[in-house]
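Beneath this line is the structure, given in structure tokens, with notes to follow.
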Amino acid sequence: MKQAEIIIDGTTYAFPIIEGTEGEKAIDITALRDKTGHITLDVGYQNTGSCLSAITYIDGEKGILRYRGYPIEELAEKSSFTETAHLLVYGHLPSPEERKVFSQRLTENSMIHEEMIRFFDSFPLKAHPMAILSTMVNALTVYYPEFFTVDFESDTFDIMAARLISKIRTIAAYSHKHSIGEPFVYPRHDYPYCTNFLYMMFDSPVHPYEVDPDIEKVLNILLILHADHEQNCSTSTVRLVGSSMVNLYSSICAGICALWGPLHGGANQEVIDMLKNIQKDGMTPKQCMEAAKDRSNSFRLFGFGHRVYKSYDPRAKILKTLCDAMVAKLGVKEPLIDIALELERLALEDEFFREKKLYPNVDFYSGILYRLIGIPTNMYTVMFAIGRLPGWIAQWKEMHDTKPFRIGRPRQIYTGPSLKRYEDE
Ligand code: ACO
């Protein structure tokens, strides 16, 4: 086995080097503190692997993303969101029998407890749907407390996972209906996942909604592209919170809250707000670029940059093509797309953006696509959460399956005052 050596005050300590299946290398410092009395400091975890994982592979330099080995491009073209969800959670594409069981479980768990529906009455109409989503997901613990202790040998985990994947869609659609003051539309047992969501969102007694198969396809692809992205902020949150042995619903609730931030999943809403502001204020894309480069200004070009991708985000590539197809199909003139394209062109040519390797990320085009398919702006990050859920569940399960199981607990270097006495004040 290869080893790395660390020399501290003239003493050499050896640590094993481990290698992933795609050749990624890490120095295993599990014994560092015991052997040397030192810890490592890595603010923002830029170089820290928190786990071994067999779920998602990313090569940020080459723009590669794979779930359980399958390239994202193939899944976007050939799979459905529920099939991809099965792939992530169970590690393989479903057999016909497994597909039937999984789909049956999703259907059986699609409704929200009638008592729980009354929770919606307490939310103000202007409540952000991400706040409603996180609250309602955590509230599931009240209705299904039998799942506090998960028995991975029985089917409790399977039911719990299906319950969440199915109900999150109903909660999301109901939060939208609540905000516009329309009656809730109950899920249908004969509709597939994305059709059912669109139906619950947009059908109403006075305007029956016909689901357009092209829009359903776009939604499937968007959710597939969101479905996992290894140890990002929200997924690491799900793992860290889950490592305290709290139940799945509460762990996912924490992940939803982490996703909401504008530097993470909240960026898709920020992108559209930014494009609208450019349009409204008569600011040119060039001026916007200059503001993003100005170091005395905290403004960032939302939808650009990524901790891992140092080339074009493969998800953004797929979504850009999809955007063009949707604009052609709908025959709409969407000025925000022209602004977005101009921003992208300027950024790709710009010295600052090239040097810092800032390329469009998934959120740059997902917001535009959600807009094209009629999803309200404040629901964009909710859509991301629906998509990311199978990944969070898969990562939560993998963490529980890892032996030895350890609570997540980083250390710190204390920089506060030395011992003070109360009486000395
Ligand atoms: N616009 C302008 N400058 C940027 C941008 C941007 N979008 N992104 C990074 N930079 C600059 C930073 O100011 C920093 O400059 P400096 O070296 O002079 O200090 C440098 O590029 C490196 O940026 P960091 O913030 O250190 O990179 P990090 O890996 O920590 O952050 C992040 C990644 C948060 C995604 C960042 O690029 C960003 O804020 N982007 C905009 C928000 C966004 O689109 N988020 C969605 C990400 S995808 C997702 O989560 C699903």
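The values are calculated or read from the model by the stated rules, or taken from the named source; none is laboratory data. Bear in mind the structure is a predicted one, so any value in this text is a computation, not a measurement. Quick reminder, even Gly has a Cβ in these numbers, built from the backbone with ideal geometry, and neighbours come from all protein chains shown. With ligands, DNA and RNA removed, areas are computed over all heavy atoms of the protein, side chains included. Shrake-Rupley method; radii C 1.70, N 1.55, O 1.52, S 1.80 Å.
Of note:
- Placing +1 on each Lys and Arg Cβ and -1 on each Asp and Glu Cβ, with no other charges, gives region 145-226 a dipole about its Cα centre of roughly 280 debye.
- Shape class for region 20-105: prolate, because the ratio a/c of the largest to smallest gyration tensor axis (alpha-carbon atoms, square roots of eigenvalues) is 1.5 or more and a/b beats b/c.
- Euclidean distance of C-alpha centroids, region 1-51 and region 394-425, integer Å: 19 Å
- Other-chain or far-sequence residues with amide H under 5 Å of Phe304's (modelled H): Asn361
- Put a plus charge on the Cβ of each Lys and Arg, a minus charge on the Cβ of each Asp and Glu, and nothing anywhere else: the dipole of region 65-141 about its Cα centre is then about 140 debye.
- Qualifying lysines (Cα of each under 16 Å from Cα of Lys100; at least 8 residues distant if same chain): none
- Span from the region 117-187 Cα centroid across to the region 70-96 one, whole angstrom: 24 Å
- Across Pro390, Pro192, Pro404, mean-square fluctuation computed from a Gaussian network of the chain (C-alpha pairs under 10 Å connected) peaks at Pro404.
- Rounded D (µm²/s) - region 105-227, Kirkwood Rh over Cα pairs, Stokes-Einstein at 37 °C, 0.692 mPa s: 212 µm²/s
- Listed residue pairs exceeding 23 Å between alpha carbons, taken from Lys217/Lys397; Lys280/Lys333; Lys217/Lys333: Lys217/Lys397
- For the chain, taking the reciprocal of the average inverse distance between every pair of different Cα atoms yields a Kirkwood hydrodynamic radius of 23.4 Å.
- Gyration tensor (alpha-carbon) shape descriptor, region 267-372, a/c threshold 1.5: oblate
- Whole-Hz couplings from phi, Karplus 6.51/-1.76/1.60, listed for region 243-253; x for Gly and Pro: 5, 7, 6, 6, 5, 4, 4, 5, 5, 5, 4
- Those aspartates and glutamates that a straight Cα-Cα span of less than 16 Å connects to Lys35, excepting residues fewer than 8 apart in one chain: Glu5, Asp9
- Solvent-accessible area of the chain (1.4 angstrom probe, protein heavy atoms only): carbon and sulfur portion equals 53 percent.
- 222 nm mean residue ellipticity, helices alone, for the chain (DSSP H n ≥ 4; -39,500 (n - 2.57); rounded to 500): -16500 deg cm²/dmol
- For region 3-49, the gyration tensor built on C-alpha atoms gives an oblate shape. Its axis ratio a/c (a ≥ b ≥ c) is at least 1.5, and a/b is not larger than b/c.
- Magnitude of the charge dipole, the chain, Cβ model with Lys/Arg +1 and Asp/Glu -1, debye to 20: 460 debye
- Pairs from the table (Lys177/Lys276; Lys293/Lys317; Lys78/Lys357; Lys293/Lys357; Lys177/Lys320) lying more than 19 angstrom apart at Cα are Lys177/Lys276; Lys293/Lys317; Lys78/Lys357; Lys177/Lys320.
- Loop-located GluC sites (Glu not before Pro) in region 210-299, at most 13 other Cβ atoms within 10 Å (DSSP): Glu210
- For trypsin sites (Lys or Arg not before Pro), the sites in region 87-173 that DSSP calls loop and that have at most 14 other Cβ atoms within 10 Å are Arg118, Lys126.
- A 1.4 Å probe run over region 267-372, with the rest of the protein chains in place, finds 48 Å² accessible per residue.
- Max mean-square fluctuation residue, GNM over the chain, Cα-Cα springs under 10 Å, options Ala173, Ala85, Ala14: Ala14
- In loop segments of region 306-373 as defined by DSSP, the trypsin sites (Lys or Arg not before Pro) with at most 10 further C-beta atoms inside 10 Å of their C-beta are Lys333.
- Listed values for region 111-125 are Karplus-derived 3J(HN,Hα) couplings in whole Hz (6.51 cos²θ - 1.76 cosθ + 1.60, θ = phi - 60°), namely 7, 9, 3, 4, 5, 5, 4, 5, 4, 4, 4, 7, 7, x, 4, and x replaces Gly and Pro.
- Choice from Ala291, Ala267, Ala316 showing the highest fluctuation, given a GNM over the chain with Cα pairs closer than 10 Å: Ala291
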